[in-house]
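Data block below; observations after.
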Amino acid sequence: MKQANTQKQESSSPSLRPSRRCYTLAFFAARLLLPWFICIETFGQIPVIKTPIPATLQPNVIGSPNQTPNYGPTNTNPNNQLDQYEKDKRELQQRNAELYETPYNESALMPIQYDLPLQANPTDAESFRKASEKLNRMLSGVEPMNLKQAIFAIENAYFGSKLDYQKFDKEIQDLITIAKLKAAQDEYNWNNPQTRNIMLFRVMADTLKVKSPSQESYITSYPMQYDFDDYMGKQDWSKMFVTKLLSSKSGQCHSLPLLYLILCEETGTQANLAFSPSHTYAKFKDQSGNWHNLELTNGRIVSDAFILGSGYVTVEALKNRIYMDPLTKEQTVAQCLADLAKEYTKKYGYDGFVSQCVDTTLKYDPTNIFARQVKSDCQTLRFDYVVNQVGRPCPEILKTRYPKVYQLLEERNQTYQIIDASGYQEMPEQAYQDWLSSVNKEKEKQEHQGQMLRLTRTLK
Amino acid sequence: MRKRIYILFIALIFTCSFSNAQDSTHYYQQAYESIDSMLTGKTQLNFKKAVFATENAYLDGKLDIKKMNNEIETLTSIVKAISATNFLTYNETDKDIVLKQASIFKVLTDTIPIILDSTHVFFHTPYSYDFEDNWGQTDWTKMFVSKLLIAGNGNCHSLPFLYKILAEEFQIPAYLSFAPNHIYIKLRCKKTGWYNTELTSATFPIDAWIMASGYVHLDAIRNGFYMDTLSLQQSVAYNLLDLAQCYQKKFGNSNPDFVVKCCETVLKYHPVNVNAMFTKAEAQKRLIESKMKAKNAKKPDELFADDSIKAMYSDMEQTYVRLHQLGYRRMPEEMYIKWMGMLKNESEKYLDKKIIHKFVNQ
């Protein structure tokens, strides 16, 4: 049994650690001999020697659930009794470490594994596979594109196919009913697509009091709230879900615009999703051909200037259409597939399934920067996993001795280059919050009221 | 005999005045040909030469080009001296280029002490922004690099042009870029990617500032009207538009043919040059107006018997529609001044902190 107790080992026997930048022949000789010495010295222990890590190969992983594994030498002391908690924790660490590390002496004998090991057993991940197949059918045109079903499929996958579609559908229909009743009550023409755009926006962003047709009572519908708690889904990824939004009436910048899009789709009116840094929002085109931006986290119609005001939208990003461009339905479904991949990483980790999903997304929408980032994470981890098997040599050695591994590095760097050239800039969380709250400034309020007034005037 | 002298005298006056007018337009023709030969590849592309050729035409050939070249040479030697001090903490592979670019920026915007001997120090003062008549409406020479070099102050036309000239002297990249009624410099470095240099206020604003003017339509960015970089050829071609504007300032709108010709050449090399599109359409509009006046016509349709006018009219109409569709919006002067002020008043929001903090060693 092996137990990773890196902290302890490092402090007790620092001399066992070879120098990080030692790539000389002597080192390779030492690499062969050292384990034997350790074996003799620390009787009965199974050591794993830390392999040198050249600085240039340090991966830069964004949002990886598995932190860069610790390669410190492990030590087992059978006499040392650990409590159950510590033991479990270490076992988990060990398992993670093993995923990316093959003991040195096996590397010479075993063929190199080029694919990341599966993170979930096939029966567990069955729901993910099903969801991905469904989305693929939609994208390839076998099945009609339907955002409601696509979103339900990916969220259902996360909960192992335990969500209730009927309930999901009913909640959506209820919202539409209220919007429709309100439109009738205010004598707006529901057949006008713009009415539907506005009323569906209002049912999400406004308090509406409508008379129930069957009973003589009033129904009051309250606006959807912004959920400030863990709005990036760091602790709980299901915070991003439309199903969560429907059941709790609070959501964030991922679920709110998607729900609006579903409502519009159900009533046969056009609305599009658009990206801005760390954010998504909805857009629709009015009868005169002007676009309007719906900021559903605050229930406002906002100007382009507001979105640009974040300061993180660059010219290159606009020219490459990674931000502020209305997505087609195909692009939106492709985005769902990338969301599915991200869910999978949150639940299990990175493996071939993730890269398959994002590759499909990028096939249908090469401008999707979110999918591109998940892809870069995948490639980083994969390269890391493979290069560990060959002892992490420096890139020059890699190039001559393991051209196939070197190619993985090249591919990863290529993805990084695409991301850099796209004009993408990372937005710090504080900057995001400051920007989002700036929607409450007087100028933006006026913008909203002005646009709302102009739009509702044309509805009757 | 007396009669003869009279005739001779009158003839003399005629030829004088005639040759005067011809001489003036002759300079424009000369400048046009010199720039056009660069564009067609007969001569080498040279931005400095194109700029001074244009200014020389407006000044009726009286620009002391030799003096200007000397001024530029002085500036290049100061830039060289400054870059030798290696004042940047920047260590990427494009270090030499970035250092040169930063040195040019420093020379244009900072006071540089130059030690002449043990007792004398000469201070090279920065070029400042000339707030008076900043769009050259009363005095067109306000736009000129030669005016900037002599007077020490300039505007959003002459300052980036001077930067571009200096960069050209060192054969390092520097790109002119348009914003509504504005020109600025775009540069790229390995460490932070693209960044903007604003010489009128000696700062590095982020893209959001340029968009915040409120006159940059999203589509105008997407199709390259604004905030895109100009190639060297396009920058040289842009001088023809300046030449057209010089021509208009000098001779009024009576003869728009030359203006249209200049604009068309610019558009040949830079099809989305928004200013050239606009100037061309305006010139065509005025030409049609003057023809209508001459024929006492009330509607342009009355002139359509002449096919060339009909074609010109529809061309003009299409350009206006296209300009609007592609996102062109005119910016009033007071809005321009307000916008420029935003860089000072809201500097926290609009300055590029990456550039300022990361590798400028201050």
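Considering every residue within the range B:330-339, establish whether at least one is surrounded by fewer than 11 Cβ atoms within 10 Å (Cβ to Cβ) and either in contact with a strand residue (DSSP E or B) (Cβ under 7 Å, 6 or more places away or on another chain) or in a loop (DSSP other than H, G, I, E, B) (or both).
yes
Tell me, which residue of the range A:368-397 that is β-branched (Val, Ile, Thr) and touching a helix residue (DSSP H, G or I) at 6+ places or on another chain (Cβ under 8 Å) is surrounded by the fewest Cβ atoms within 10 Å (Cβ to Cβ)?
My answer is A:390.
Of the residues that make up the range A:320-328, is at least one among the basic types (Lys, Arg), open to solvent by 20 Å² or more (accessible area, probe 1.4 Å) and assigned to a helix (DSSP H, G or I)?
No, that holds for no residue.
When you go through (1) more than 15 Å from the chain's Cα centre (by Cα); (2) without any contact (Cβ under 8 Å) to a residue 24 or more places away in the chain one by one for residue B:192, which number turns out not to apply?
Going through the list (1) more than 15 Å from the chain's Cα centre (by Cα); (2) without any contact (Cβ under 8 Å) to a residue 24 or more places away in the chain, residue B:192 breaks only (2).
Whether any residue in the range A:275-288 is more than 12 Å from every other protein chain (Cβ to nearest Cβ), out of contact with any Leu (no Cβ under 9 Å at 6 or more places or on another chain) and either more than 29 Å from residue A:144 (Cβ to Cβ) or crowded, with 18+ Cβ neighbours inside 10 Å (or both) is what I want to check.
Taking every residue of the range A:275-288 in turn, at least one turns out to be more than 12 Å from every other protein chain (Cβ to nearest Cβ), out of contact with any Leu (no Cβ under 9 Å at 6 or more places or on another chain) and either more than 29 Å from residue A:144 (Cβ to Cβ) or crowded, with 18+ Cβ neighbours inside 10 Å (or both).
If you take the residues in the range A:289-307 that are closer than 24 Å to residue A:259 by Cα and part of a helix (DSSP H, G or I), which one is most open to solvent (accessible area, probe 1.4 Å)?
If we take residues in the range A:289-307 being closer than 24 Å to residue A:259 by Cα and part of a helix (DSSP H, G or I), then A:304 is most open to solvent (accessible area, probe 1.4 Å).
In the range B:180-217, what count of residues is obtained for those that are more than 10 Å from every other protein chain (Cβ to nearest Cβ), among the aromatic types (Phe, Trp, Tyr), outside any strand (DSSP E or B) and out of contact with any Lys or Arg (no Cβ under 7 Å at 6 or more places or on another chain)?
The number of residues fulfilling the criteria is 1.
Would you pick out the residues in the range B:97-129 that are open to solvent by less than 20 Å² (accessible area, probe 1.4 Å) and modelled with pLDDT under 90?
Passing the criteria: only B:112.
Could you check the range B:220-261 and list, in sequence order, the residues that are touching a residue at least 60 places away in the same chain (Cβ under 8 Å), touching a Phe, Trp or Tyr at 6+ places or on another chain (Cβ under 8 Å) and open to solvent by 10 Å² or more (accessible area, probe 1.4 Å)?
The answer is B:232, B:233, B:245, B:247, B:249, B:250, B:258, B:261.
For residue A:249, only one of the following conditions fails: (1) modelled with pLDDT under 95; (2) crowded, with 22+ Cβ neighbours inside 10 Å. What is its number?
(2)
Looking at A:311, A:299, A:268, which one is on the phi > 0 side of the Ramachandran plot and either within 14 Å of chain B (Cβ to nearest Cβ) or in contact with a Cys (Cβ under 6 Å, 6 or more places away or on another chain) (or both)?
Unique residue meeting the criteria: A:311.
I'd like the full set of residues that are free of Cβ contacts under 8 Å to residues at least 60 places away in the same chain and either open to solvent by less than 50 Å² (accessible area, probe 1.4 Å) or not in a helix (DSSP H, G or I) (or both), limited to the range B:317-329.
Hits for the range B:317-329 are B:319, B:323.
Collect the residues in the range B:172-217 that are of a type in the set (Ser, Thr, Tyr) and farther than 23 Å from residue B:135 by Cα, keeping them in residue-number order.
Result: B:192, B:195.
Can you work out which of the residues in the range B:218-248 that are in a helix (DSSP H, G or I) and small (Gly, Ala, Ser) is farthest from the other protein chains (Cβ to nearest Cβ)?
Here the residue is B:244.
For residue A:455, are the conditions met, namely being in a helix (DSSP H, G or I), open to solvent by less than 30 Å² (accessible area, probe 1.4 Å) and either more than 14 Å from every other protein chain (Cβ to nearest Cβ) or among the basic types (Lys, Arg) (or both)?
yes
Within the range A:156-264, considering only helices (runs of 4 or more DSSP H) that don't extend past its boundaries, which have at least 2 residues that are over 30 Å from residue A:133 (Cα atoms)?
Output list reads A:165-185, A:193-205.
Residue-by-condition table, conditions (1) over 23 Å from residue A:323 (Cβ atoms); (2) more than 19 Å from the chain's Cα centre (by Cα); (3) in contact (Cβ under 8 Å) with a residue 40 or more places away in the chain:
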| site | (1), (2), (3) |
| --- | --- |
| A:245 | yes, no, no |
| A:264 | no, yes, yes |
| A:272 | no, yes, yes |
| A:277 | no, no, yes |
| A:288 | yes, yes, no |
| A:291 | no, yes, no |
| A:296 | no, yes, yes |
| A:299 | no, yes, yes |
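Of the conditions (1) hydroxyl-bearing (Ser, Thr, Tyr); (2) open to solvent by less than 10 Å² (accessible area, probe 1.4 Å); (3) in contact with a strand residue (DSSP E or B) (Cβ under 9 Å, 6 or more places away or on another chain), residue A:361 clears all except one; give me its number.
Condition not satisfied by residue A:361: (3).
Six or more apart or on different chains, Cβ under 7 Å: which pairs go from a residue in the range A:323-352 that's at positive phi to one that's in a helix (DSSP H, G or I) and among the β-branched types (Val, Ile, Thr)? Could you list them?
Going by the 7 Å Cβ cut-off, the qualifying pairs are A:324/A:307.
For every residue, the table says whether it meets (1) buried (at least 18 other Cβ atoms within 10 Å of the Cβ); (2) under 19 Å from the mean Cα position of the chain (by Cα); (3) within 12 Å of another protein chain (Cβ to nearest Cβ); (4) in contact (Cβ under 8 Å) with a residue 12 or more places away in the chain.
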| position | (1), (2), (3), (4) |
| --- | --- |
| A:407 | no, no, no, no |
| A:423 | yes, no, yes, yes |
| A:432 | yes, yes, no, yes |
| A:439 | yes, no, no, yes |
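Within the range B:286-316, can you find the residues that are among the basic types (Lys, Arg), surrounded by fewer than 11 Cβ atoms within 10 Å (Cβ to Cβ) and part of a helix (DSSP H, G or I)?
B:293, the sole residue that qualifies.
Would you mind stating whether residue A:348 is buried (at least 23 other Cβ atoms within 10 Å of the Cβ) and aromatic (Phe, Trp, Tyr)?
Spelling it out, it is not the case that residue A:348 is buried (at least 23 other Cβ atoms within 10 Å of the Cβ) and aromatic (Phe, Trp, Tyr).
Is there a residue in the range B:38-61 that is out of contact with any His (no Cβ under 9 Å at 6 or more places or on another chain), part of a helix (DSSP H, G or I), open to solvent by 60 Å² or more (accessible area, probe 1.4 Å) and under 21 Å from residue B:243 (Cα atoms)?
Checked against the condition, which is being out of contact with any His (no Cβ under 9 Å at 6 or more places or on another chain), part of a helix (DSSP H, G or I), open to solvent by 60 Å² or more (accessible area, probe 1.4 Å) and under 21 Å from residue B:243 (Cα atoms), the range B:38-61 yields at least one hit.
The values are calculated or read from the model by the stated rules, or taken from the named source; none is laboratory data. Keep in mind that this is a model prediction, so the values were computed, not measured. Here Cβ is always computed from backbone atoms with ideal geometry, including for glycine, and neighbour counts include all displayed protein chains. Only protein heavy atoms, including side chains, enter the accessible area calculation; ligands, DNA and RNA are left aside. Shrake-Rupley method; radii C 1.70, N 1.55, O 1.52, S 1.80 Å.
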